[in-house]
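Contents: one structure, followed by commentary.
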Amino acid sequence: MPENPSGAESPPVTTASRKSNQKSIVAMVLLWAPTVLAMLVVKYFIVLGSVFGGAITVVGLDHVLRWSDLSFLQRLSFWREDLLFAFVLAPIAAWGISVAGRYRAWIAGGLSFALFALLAVQFANYRVVGRFLGLDLIVDTLRWGIDHPDDMKTYLGMNPDRSLFAPRNIGALVGLLALAGGGIALARLLYRRLVVALARPGLVRRNLPPALYGVALLLTIVSWYPWMKPTPLHSSSLRLAATALFGPGGSQSSEFSSLSDAQLQKRYRTLTFSPGPERSEYSGRAHGYDVILYVLETAPSRVLPADGDLGDMPNLRKLRERAWINTHHYSTFPVTNRAVLSILASMYPTGGAKLFRRESIPGLMRSVGSSGYATAVYMPHAISFESEKKMYSMLGLNRVVLALANPVPAEVEQSRWRRREQEDESAFDLMLDDITRWHKEDRRYAVTFLPQIAHGPWIDVTSDGAEKNVLRRGRALLRLQDQLLGKLIGRLQDNGRLEKTLIVVTGDHGIRTSVEDPSLHSGALDDYTFCVPLFVFAPGLLNSTVSLPWVTSHIDIEPTILDLLGVENGREFEQGSPIWDDRLKARVTYLLAGDYFGADGYHHVDKFFEWNQALSAATEDSSLDAERETPLAVGTAEYNDVRARIQALYAIQRTWFSRAIK
């Protein structure tokens, strides 16, 4: 009897098994290839794109390195995690998925698609704002996009005046579907060709794939040699994207949670060199005045300098004749709801969306409300979603007015900026009606008006799109808002209350993305984003324009108004000071955008400092100019101080909000 009666049948089984394995390998390679390629490409743009190809440099552990200073192997090391995923972890995952039998292709394809989608979404965020975004901010962006479909079209590179179902858009969709179908057909063709090619005899065909994989594996191993001290960008693009999306939120710091309120406030003032409460010559001088906050949307000082020529804005010029003004006034955060929170509550908005899950926020409206003031905020209906509505309610406003556009002729309705103008005017008219009613009732009030016509990207309202200069577009939009300001002044004069009304005009923030202005250096702090005009009209207190020479912030507006009114209650957790307090010259004033740009900063004495958490990079400069920042070497006293001051503020704020917001 033969020793191996079945031996004659072994070769066919081995050949079939080999073919099956070859098919599985080819399928897995094709399924994972888009994600692997996306990882490498995204990493390329992060490392060599707008951030590292320009003013900000690659930072080593003990000194600063520019990309041009690095050797090939040092540059390769930035891709070490990406290579590890592509040529080690992905094959291991594919082998593990293979046990799923006939469902393995669906599982591998679904996982690859999910990772590819994550990279695509985060890369789109990076190209617009210069960094990957967290889930909260992405969700807010989607909600905002639903409320602002025309603006979302602009951000997506579409014509906002065309319907989504316009022939051009339908054609583009058909083209994308055809491209996707072509890609699938090409993948199937490659799959069949590769399977056939690998099945043919021949030393080169049989050994070429293992040889190529061996070279890739060798590069992966070499990249992990410590050619340089690692930086945050030595993390894979996939890890950076996932960390930004699902990164841990801050928990309450035990260092500060055990402090009493008085001790916590002292620690804050020690950190920021903030002046303590002190009565001044203006305290209570505006007792019984009404208050109007006119917060311009996307209004950088570059377009509206407080000390500039206001010949084309006669109403603001009239207010400036008896007002404090500042050309060095800064927003706290480049998002409207957080900036307004700072204006009304005098607190830095470090808590993100979690701010809007509490019950009560102390601040301007709650303090004057307890003194009998009517309080309200007026805005177009389209700008607000639930978290904002809840925030204004928590701030103690009696009325949150979300206005719909007034009816207009059909031919006017076709214009996008006209629709916005109508929405602003509708909210404005409701505010004027309430003001007149309160005047008749002899009741004091404090109101906030949030026009939205100037929301970026700025619309051309002068020449139907022919005006390409971004700054001139912005100025034209501000002139429209000056016209509303003129109507407000006229109504106050008619009611005999102009001389008993404090009017604050400022911007929520400036330009934030490269879509709004391609000249903006994304991913870093800039005057164009944070520096906004400030006018505080104070009739009966000032007889001329008073220009402030020091830096002020949105957190200083609330204490300024309450001090003028002589209101003392509910001010225990103010973080700002009246704008006329010359002790502000020595204060540390924070500029926060960690959730948005990946960077936070502050001004102290005569310099601006910036800390980029994602890159562990610190910079300084005499001006807030992303193109001129000087990197600070890691480990130096200056570098450590910048990092410590940013981290300390966030730690204090977590406890501060838990105490202040009940």
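Filtering the range 474-501 down to residues that are closer than 30 Å to D517 by Cβ and of a type in the set (K, R), which residue is farthest from the chain's Cα centre (by Cα)? Can you show your working first?
Just the residues of the range 474-501 that are closer than 30 Å to D517 by Cβ, to begin with: 474-488.
Adding the requirement that they be of a type in the set (K, R) leaves 475, 479, 487.
Details: R475: 23, R479: 27, K487: 34 Å.
Of everything passing the filter in the range 474-501, K487 is farthest from the chain's Cα centre (by Cα).
Could you list, in sequence order, all residues of the range 278-298 that are among the basic types (K, R) and either closer than 24 Å to I435 by Cβ or buried (at least 23 other Cβ atoms within 10 Å of the Cβ) (or both)? Spell out the reasoning first.
Narrowing the range 278-298 to residues among the basic types (K, R): 279, 285.
Hit for the range 278-298 is R285, nothing else.
Sort out which residues of the range 368-381 are at pLDDT 95 or above and either on the phi > 0 side of the Ramachandran plot or part of a helix (DSSP H, G or I) (or both), and write them in order of number.
Within the range 368-381, V368 is the sole residue that qualifies.
Restrict the check to the range 552-559 and report whether at least one residue is in a helix (DSSP H, G or I), modelled with pLDDT under 95 and acidic (D, E).
Start the filter on the range 552-559 by keeping residues that are in a helix (DSSP H, G or I), which leaves 554-559.
Now drop any that are not modelled with pLDDT under 95, which leaves none.
Taking every residue of the range 552-559 in turn, none turns out to be in a helix (DSSP H, G or I), modelled with pLDDT under 95 and acidic (D, E).
Search the range 306-318 for residues that are within 15 Å of T506 (Cβ to Cβ) and acidic (D, E) and pair each with any residue that is part of a loop (DSSP other than H, G, I, E, B) and modelled with pLDDT of 95 or more when their beta-carbon atoms are under 8 Å apart and the residues are at least 6 apart or on different chains.
Within 8 Å, the pairs are D307/T327.
With the requirement that a residue be surrounded by fewer than 21 Cβ atoms within 10 Å (Cβ to Cβ) and in contact with a Gly (Cβ under 9 Å, 6 or more places away or on another chain), what does the range 524-558 give you?
D527
Name the residues in the range 440-460 that are open to solvent by 30 Å² or more (accessible area, probe 1.4 Å) and free of Cβ contacts under 8 Å to residues at least 60 places away in the same chain, would you? Break it down into steps so the answer makes sense when it comes.
Our first condition is that a residue be open to solvent by 30 Å² or more (accessible area, probe 1.4 Å); within the range 440-460, this holds for 440-444.
Within the range 440-460, K440, E441, D442 meet the criteria.
Please note which helices (runs of 4 or more DSSP H) are completely contained in the range 73-177 and include at least 1 residues that are at pLDDT 70 or above and out of contact with any Leu (no Cβ under 9 Å at 6 or more places or on another chain).
Those helices (runs of 4 or more DSSP H) span 80-84, 90-97, 104-129, 135-147.
In the range 584-626, what residues are within 19 Å of the chain's Cα centre (by Cα) and assigned to a loop (DSSP other than H, G, I, E, B)?
G594, D595, Y596, F597, G598, Q613, A614, L615, S616, L624, D625, A626
From the list A614, A637, which one is without any contact (Cβ under 8 Å) to a residue 12 or more places away in the chain, farther than 23 Å from V551 by Cα and open to solvent by 50 Å² or more (accessible area, probe 1.4 Å)?
Working: A614 fails: without any contact (Cβ under 8 Å) to a residue 12 or more places away in the chain.
Every option except A637 fails the conditions.
Assigned to a helix (DSSP H, G or I) and either modelled with pLDDT under 95 or open to solvent by 30 Å² or more (accessible area, probe 1.4 Å) (or both), is that true of R475? If you could, list the steps in order and put the result at the bottom.
Numbers: assigned to a helix (DSSP H, G or I): yes; either modelled with pLDDT under 95 or open to solvent by 30 Å² or more (accessible area, probe 1.4 Å) (or both): yes.
In short, yes.
Quickly run through the range 394-416 and pick out the residues that are at pLDDT 70 or above and open to solvent by less than 40 Å² (accessible area, probe 1.4 Å).
If the condition is that a residue be at pLDDT 70 or above and open to solvent by less than 40 Å² (accessible area, probe 1.4 Å), then M394, L395, G396, L397, V401, A403 are the ones that fit.
Please go through the range 480-496 and pick out each residue that is surrounded by fewer than 17 Cβ atoms within 10 Å (Cβ to Cβ) and either free of Cβ contacts under 8 Å to residues at least 40 places away in the same chain or out of contact with any helix residue (DSSP H, G or I) (no Cβ under 6 Å at 6 or more places or on another chain) (or both).
Within the range 480-496, Q483, K487, G490, Q493, D494, G496 meet the criteria.
Which residue pairs have Cβ atoms under 9 Å apart, sit 6 or more places apart or on different chains, and have a first residue in the range 274-288 that is farther than 22 Å from M347 by Cα and a second that is in a loop (DSSP other than H, G, I, E, B) and among the basic types (K, R)?
Going by the 9 Å Cβ cut-off, the qualifying pairs are G288/R444.
Please verify whether L316 is surrounded by 14 or more Cβ atoms within 10 Å (Cβ to Cβ), modelled with pLDDT of 90 or more, over 30 Å from L477 (Cα atoms) and more than 22 Å from the chain's Cα centre (by Cα), treating the condition exactly as stated.
no
Output yes when any residue across the range 598-609 is under 23 Å from D526 (Cβ atoms) and either touching a Pro at 6+ places or on another chain (Cβ under 6 Å) or at pLDDT below 90 (or both), and no when none is.
So in the range 598-609, the residues under 23 Å from D526 (Cβ atoms) come out as 598-609.
Cutting the leftovers down to either touching a Pro at 6+ places or on another chain (Cβ under 6 Å) or at pLDDT below 90 (or both) gives us 598-599.
Yes: the range 598-609 contains one or more residues that are under 23 Å from D526 (Cβ atoms) and either touching a Pro at 6+ places or on another chain (Cβ under 6 Å) or at pLDDT below 90 (or both).
(1) open to solvent by 40 Å² or more (accessible area, probe 1.4 Å); (2) of a type in the set (V, I, T); (3) under 29 Å from A124 (Cβ atoms): which one isn't true of T630, the others all being true?
Here T630 meets the rest and fails (3).
Looking at the range 464-471, is at least one residue in a helix (DSSP H, G or I), touching a Ser or Thr at 6+ places or on another chain (Cβ under 9 Å) and open to solvent by 10 Å² or more (accessible area, probe 1.4 Å)?
Quick first cut of the range 464-471, residues in a helix (DSSP H, G or I) only: 470-471.
If we keep only those that are touching a Ser or Thr at 6+ places or on another chain (Cβ under 9 Å) as well, we get 470.
Next cut, open to solvent by 10 Å² or more (accessible area, probe 1.4 Å) only: 470.
Yes.
The values are calculated or read from the model by the stated rules, or taken from the named source; none is laboratory data. Note that the coordinates shown come from a computational prediction; the quantities given were computed from them, not determined experimentally. Note that each Cβ is placed from the backbone with ideal geometry, even for glycine, and that neighbours are counted across all protein chains shown. Surface areas here come from the heavy atoms of the whole protein model, side chains and all, with no ligands, DNA or RNA. Shrake-Rupley method; radii C 1.70, N 1.55, O 1.52, S 1.80 Å.
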